[in-house]
Amino acid sequence: MTLPMNKLYRTNQEEQARQGFVGALKTFVNGKLEREVVRRYHEELAPAYRAKQGHDATTRYEAIPVLEPDPDYQLWCSTVYSSQDLLWETTGETVDRLLPAFDQRAAEIEANPARLGSLKLDPRLELPTPIANTEIHRQPGGYFYRQSQADLSAALLYMGSVENYRTAKGFGAPGEPCDTSSDKGLASIVAEKYPQLKPRRVLDMGCGVGAMAMGLKQALPQAEVHGLDLSAPFVRFAHLWANDLGLELHMRQADAASTGYDDGAFDLIVSQILFHETWHDKLPAIMREAHRLLRPGGVFFNIDTPYQPGRIGIPEQVLNNWQVANNGEPFWVGFSETSVKSELERAGFAAADVFATYQAMGGGREFFMFGAQKTDRNGA
Amino acid sequence: MNKFDVVERTSVVSMMHDPKRVRPQFIRELDMDKVVDALLRLTMEISVIRDRLDIYEALGEQCGITDAAIESFKATPEIDARRRERRERLIRGVISDLR
C-alpha cells in the first residue's frame, strides 16, 4: 500500500528551495515593489497629471495611461508576470515527479468498496464558456485539463500552488499540505453570526480541491457535507484526499447554477472565492439556485476578494486591472463591480436578511463576506 | 480509459515551455545594460553558493553525511527566517538593478 495522499505531497530540498524563492519573489513584487509604484503615482505621476489636465484622475481609465509609460510600473508588470510563470513551473516540477504515486494511491482508494462518502461525475456536463476556456491564475491547462479521464494533474497543480502561496505568506508549516485550519474557522464565523443555525446538511459551492469542505466536516462532524465544482479532476481529488483523512464527503461535478439537488436540501451553503473566478453573468443564476437549495431559515455564506473599487485607491485599481487583463483573473472586475446585496435580493432573499461585510480570517487577511438567511415563515 | 493508458504524458513543466504560450512584453524600452547587471549579479551569487556547497559536500562526505540525510533535513524556524531574509536581500538587489 502506498502512503496516504496527505503524506505523499512532499517537496524535495531542491523543489523547496526553488518554491521558497518564488514565494519570496512574489512577496517582494506584490509588496514592496507594488507599494513603490503606488507611492510614485501619488507623489509624482498624479501631481504631474493634475498640473497638465487641471484635474485629478478620478477613474482607473484615466489613470491607466498615466501609469503605463512609467518604468517602475512596467517593471512591476514584467516581474509579476515572470513570478507567476515561475510559480507554475516550480510547482509543475513537483507535480510531474509525484503524479505516478498519486495515480497509484487513487487506484487503491477507488478499488476499496468501503471507501467513505460519494463521488458523482457528469461526463455529459457542458462546461460554460468563457469559464471553460479560461486559465484562471494562468494555471497551465486550466482547472478542467485532463489527458485522460483519471488525470489528477490539474487538481494536484492547483493544490501545490496554494501550498506555495500559504508557505510564502507564512500561513502554514512546509510539509503540511492542504491545511484546513482556516476553513474550520469559517464554521465559527458562521456560528457567531447565526447562533441558532445547527447545520445538518452543508454544501460547498465551487469547492475546488475540497479544502474548505474538509475543514467544515472536521468542524461539524455530525453534518453531512457536500461539495460541488465544475472541474472533474478537482472533485475526484477532493473525494480521494478526504478518504485519506478519514472524512466522509459527498462530491459532485456540477454547475453551481444548476446543481441537480432537491429544493430545500441544505441548511448551510458556503462558497470561497467562487464568484471572482466565475463569469459575472452566471452570478444571478447561482444565487437563485442557492435560494432554491436552502430550507427556510437556512444560510448562504460566501467569502471572496475585498477589491471593490470604492475600497481601494486609483493606482491599486490600475494594478488590479492589469491582473484582469494579463494574469488570469478575467472575472475579478465583473465581480468587484457587482452589488451583491441587490443580486441576493433579486435571487429571492429578503432585503432585511441580506448582509455584506469585510472581516479578517485565516492569517489576519481581510475578506469580503456576503450572503443571506432564507426567510422562515414559521419563525424557526 | 485510465491514466495508465497514456503512453507519454505531457509534463506540466513542458506545458510551461510550449511556444504557443507567448510571453507578452511589458517593458517598452528594455535597458539591456540593466539586464546584464542583474544577470551577472545572479551568476555571481550562484557561483558563490556552488563553491560554498562544494565545501559542505566535501566535509559532509568525510563525516558520512548521505544524500538521504540531506533530503530528510528539516529547517528550524531560525534557519527558515535566515533563508527568507537572504532571499529578500537577493531579490531586492536584482530588482534595484532593473529599476
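The values are calculated or read from the model by the stated rules, or taken from the named source; none is laboratory data. None of these values were measured; they are calculated from a predicted model. No Cβ is skipped: glycine too gets one built from the backbone with ideal geometry, and neighbour counts run over all protein chains shown.
Could you tell me whether segment B:51-70 includes any residue that is surrounded by 10 or more Cβ atoms within 10 Å (Cβ to Cβ) and within 7 Å of chain A (Cβ to nearest Cβ)?
So far as segment B:51-70 goes, yes, one or more of its residues are surrounded by 10 or more Cβ atoms within 10 Å (Cβ to Cβ) and within 7 Å of chain A (Cβ to nearest Cβ).
From the residues in segment A:7-38 that are more than 13 Å from every other protein chain (Cβ to nearest Cβ) and out of contact with any Leu (no Cβ under 7 Å at 6 or more places or on another chain), which one is modelled with the highest pLDDT?
Going through segment A:7-38, the residues more than 13 Å from every other protein chain (Cβ to nearest Cβ) turn out to be A:7-9, A:38.
Imposing the further condition that a residue be out of contact with any Leu (no Cβ under 7 Å at 6 or more places or on another chain) reduces the set to A:7, A:38.
Working: A:K7: 87, A:V38: 97.
My answer is A:V38.
Since A:L247 meets every condition but one in (1) more than 15 Å from A:Y143 (Cα to Cα); (2) part of a loop (DSSP other than H, G, I, E, B); (3) touching a strand residue (DSSP E or B) at 6+ places or on another chain (Cβ under 6 Å), which condition does it not meet?
(3)
Does segment B:66-73 include one or more residues that are not aromatic (F, W, Y) and not in a helix (DSSP H, G or I)? Let's see the steps before the verdict.
At the first step, the residues of segment B:66-73 found to be not aromatic (F, W, Y) are B:66-72.
From what is left, the residues that are not in a helix (DSSP H, G or I) are B:66, B:72.
Taking every residue of segment B:66-73 in turn, at least one turns out to be not aromatic (F, W, Y) and not in a helix (DSSP H, G or I).
Enumerate the pairs (first residue in segment A:328-340 and farther than 14 Å from A:I303 by Cα; second residue anywhere and of a type in the set (D, E, K, R) and outside any loop (DSSP other than H, G, I, E, B)) with beta-carbon separation below 7 Å, excluding pairs fewer than 6 apart on the same chain, so at least 6 apart or on different chains.
A:G328/A:R138; A:F331/A:E277
If you check B:K20 against the conditions, is it of a type outside the set (S, T, Y), within 8 Å of chain A (Cβ to nearest Cβ) and exposed (fewer than 11 other Cβ atoms within 10 Å of the Cβ)? Spell out the reasoning first.
Working: of a type outside the set (S, T, Y): yes; within 8 Å of chain A (Cβ to nearest Cβ): no; exposed (fewer than 11 other Cβ atoms within 10 Å of the Cβ): yes.
No; evaluated as a whole, the condition is false for this residue.
Among the residues of segment B:33-71, what is the count of those that are under 14 Å from the mean Cα position of the chain (by Cα), among the aliphatic types (A, V, I, L, M) and under 19 Å from B:R99 (Cα atoms)?
Qualifying residue count for the region: 2.
Give the residues of segment A:301-353 that are modelled with pLDDT of 95 or more and touching an Asp or Glu at 6+ places or on another chain (Cβ under 6 Å), sorted by residue number.
The one that is modelled with pLDDT of 95 or more and touching an Asp or Glu at 6+ places or on another chain (Cβ under 6 Å): A:A351.
What's the number of the only condition in (1) surrounded by fewer than 20 Cβ atoms within 10 Å (Cβ to Cβ); (2) in a helix (DSSP H, G or I) that A:P113 fails to meet?
(2)
Only one residue in A:M361, A:M369 is closer than 24 Å to A:I136 by Cα and modelled with pLDDT of 90 or more, so which one is that? Steps first, please.
On the way: A:M361 fails: modelled with pLDDT of 90 or more.
Every option except A:M369 fails the conditions.
Just to be sure I understand, how many residues within segment B:27-43 are at pLDDT 80 or above and either touching a Leu at 6+ places or on another chain (Cβ under 8 Å) or more than 10 Å from chain A (Cβ to nearest Cβ) (or both)?
8
Being under 22 Å from the mean Cα position of the chain (by Cα), within 22 Å of A:G206 (Cβ to Cβ) and surrounded by 19 or more Cβ atoms within 10 Å (Cβ to Cβ), is that true of even one residue in segment A:308-316?
No, segment A:308-316 contains no residue that is under 22 Å from the mean Cα position of the chain (by Cα), within 22 Å of A:G206 (Cβ to Cβ) and surrounded by 19 or more Cβ atoms within 10 Å (Cβ to Cβ).
So which residues in segment A:184-202 are in a helix (DSSP H, G or I) and in contact (Cβ under 8 Å) with a residue 40 or more places away in the chain? Spell out the reasoning first.
Initial filter on segment A:184-202 (in a helix (DSSP H, G or I)): A:184-193.
Scanning segment A:184-202 gives A:G185, A:L186, A:I189, A:V190, A:K193.
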